[in-house]
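The values are calculated or read from the model by the stated rules, or taken from the named source; none is laboratory data. This structure is a prediction, so every number in the text was calculated from the model and none was measured. With ideal geometry, Cβ positions are generated from the backbone for all residues, glycine too; neighbour counts draw on all protein chains shown.
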Amino acid sequence: MTVSSAVDSRRESQQEIAAVPELEPFQSALGLSAPWRVVGSDFDLKADQLDLQIDFPRGARFACPACGNPCPVYDTEDKSWRHLNFFQYRTLIHARLPRVECESDGIRQVEAPWARPGSGFTVLFDPGLGAGAGDADPRQQPALGRARQPDLAHRPLPR
């Protein structure tokens, strides 16, 4: 069974990406701010997976990673990140990650605010499997090797 509440993230019109009420809990839980929005979700019960789509409206501007000046989007690349489980369901975040065109610094990749640069995991997931992870800055913890650790959602609860 697949339940979907997706909004087309590849809009060709100049319309703003409107808030979708049923997606607001995800928006709040992820701590996203403009121009980022949760625009869709796909829950696949058979696959035990929740996929969340994040996007931004056409015409959005992002800070240049080098100088901080607001810049237009040059192009985008589709990327995915593993996030903390939603209850017992594996959760993935998918987004178009923009590159900006800065007048002074050229073409620069914008980093996803929910993920550490170069990691396939969200900031919350990355330290989530390590002992004492809450004590350290998640952006400073290594991600290598964590992907091979068991999915804790499928372990029986201790009695």
Report, by residue number, each residue of the stretch 92-121 that is at pLDDT below 95, under 17 Å from PHE26 (Cβ atoms) and not in a loop (DSSP other than H, G, I, E, B). ALA115
Which members of the stretch 24-71 meet the condition of being buried (at least 16 other Cβ atoms within 10 Å of the Cβ) and free of Cβ contacts under 8 Å to residues at least 24 places away in the same chain? GLN27, ARG37, VAL38
Over 20 Å from ALA115 (Cβ atoms) and either in contact with a strand residue (DSSP E or B) (Cβ under 6 Å, 6 or more places away or on another chain) or small (Gly, Ala, Ser) (or both): does that describe PHE43? yes
